[in-house]
1. Which one of Thr36, Val91, Ser220 is farthest out on the positive end of the charge dipole of the chain, using unit charges on Cβ (Lys, Arg +1; Asp, Glu -1) and the Cα centre as origin?
2. Report the local net charge at Met1: Lys and Arg +1, Asp and Glu -1, summed over other residues whose C-beta lies under 15 Å from its C-beta.
3. Beta carbons within 10 angstrom, averaged per residue: use that to sort the peptides 12-19, 119-126, 183-190, 217-224, highest first.
4. Where the only charges are on Cβ atoms (+1 Lys, Arg; -1 Asp, Glu), what is the dipole of the stretch 179-236 about its Cα centre, to the nearest 20 debye?
5. Can you find, among Val237, Val151, Tyr207, the residue farthest towards the positive end of the dipole of the stretch 151-250? Put +1 on the C-beta of Lys and Arg, -1 on that of Asp and Glu.
6. In the chain, with Lys and Arg counted as +1 and Asp and Glu as -1 at Cβ, which of these residues, Gly184, Gly63, Leu22, has the Cα nearest the positive end of the dipole, that is, farthest along it?
7. Give me the three principal axis extents of the stretch 215-257 from the C-alpha atoms, as integers in angstrom, largest value leading.
8. Taking the Cα-to-Cβ direction at Glu52 and at Ala24 and moving 7 Å from each Cα, how far apart do the two end points lie in nm?
Amino acid sequence: MRLFDAHVHLSDAEYSGHIEELVADAKNAGVAALVTNSMDLKTCLSDLKLAEKYGGLVYPALGIHPWNVNVLREGELEETIDLIGKQRGVVKAIGEIGLDAKYETDWEKQVMVFDKMLHLAETLDLPVIIHSRGSTDKVIDLLPSYRVRLVLLHWFSYQLTALNRAMEKGYFITEGPPAVYSSGIREIIEKVPLTHLLTETDGPVIYYKVPFKGQLTKPSFIRNVVEAIAEIKKMQVEDVAQQLAENFENFFSIKLE
Ligand SMILES: [Zn+2]
C-alpha cells in the first residue's frame, strides 16, 4: 500500500526535536509522502529545508495561513510571495491558505491575503490547499474568480450542501483521524466520491479519542484513516489505498514510490 499525508505541519514548534522520529514512523508505516504546509514566511523557509533534507518523502506547500495575517511584519507578505515564486520548481501547492470565520483576525485582511495567495497560485499554476472553517460557502463563492488548477478543501466538516457544491466544481477534500470516530466526518466520507478524497493528519493537531489518545500525532495514523474509509465505503483497504494514491499523484504531480 502506498499511503500519504497530504496535510501536515512539520515546521510547527510542537514537532521540534521529533522530525527524525516522524520520518522513521512514516517509513515504517508505508507513508511515502508528507506534504508539509506552511503558515508564514518562517515556516515556508523551514519547510523548504525539510523538503531538501528528506527529498522523496517531504514536499512543501507554501503560503500564509489566515490565523497569521495579523502578525505579518512589514514586507512579509511580499517577501513570502517572492520566495514561493523563486522556489516554483520544488513547491507542490500553495497552502495552507484560506479564510477562518471563527478566528479573531481582521476579516478584511484575511480576504486580502487569501486573494494574493490565489493570484500566486494562478501565476505559478499550482494547486491550492484551503482552510475554510466557518467559511466554506464563502470560499466556494470566491474561487471561480480565479483560474486555479486544482482545489483541496482540507478537513472538510461543513454542511453537505457545500460538499455537493464543491463536488460539482471538481474540488478535492481531505479527511483525517476523525474518520475513525466522528459521525459527522463519517457521513461526509460516505457522500464524497472516492476519486475526490485525500488523507491527512493535520499534525501536530492532537486527537483526544481512542486509538489516538495520549499520542503525538504521527504519519502512521494515516493507516487508521484509510481503514476507516474502507469500512465506510464497504471496500477492501487495498483498493481504497490504490484510488487515494492515484488521487494524490494527480493532485500534487508527485509520484509515490
Ligand atoms: Zn493545517
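1. After comparing all options, I get Ser220.
2. Working: positive: Arg2, Lys27, Arg223; negative: Asp5, Glu227, Glu238, Asp239, Glu246, Glu249, Glu257.
Counting the neighbours of Met1, the net charge comes to -4.
3. Working: 12-19: 13.6, 119-126: 17.6, 183-190: 15.5, 217-224: 22.4.
For the peptides 12-19, 119-126, 183-190, 217-224, the packing ranking is 217-224, 119-126, 183-190, 12-19.
4. Numbers: 8 positive and 6 negative charges, 26 e Å.
It works out to roughly 120 debye.
5. The listed residue farthest towards the positive side: Tyr207.
6. Toward the positive end, the furthest listed residue is Gly184.
7. 29, 29, 15
8. For the pair Glu52/Ala24, the computed spacing is 2.5 nm.
Readers should treat all values here as calculations from the given coordinates under stated rules, not as data from a laboratory. None of these values were measured; they are calculated from a predicted model. Virtual Cβ from ideal backbone geometry, glycine too; neighbours counted across all protein chains shown.
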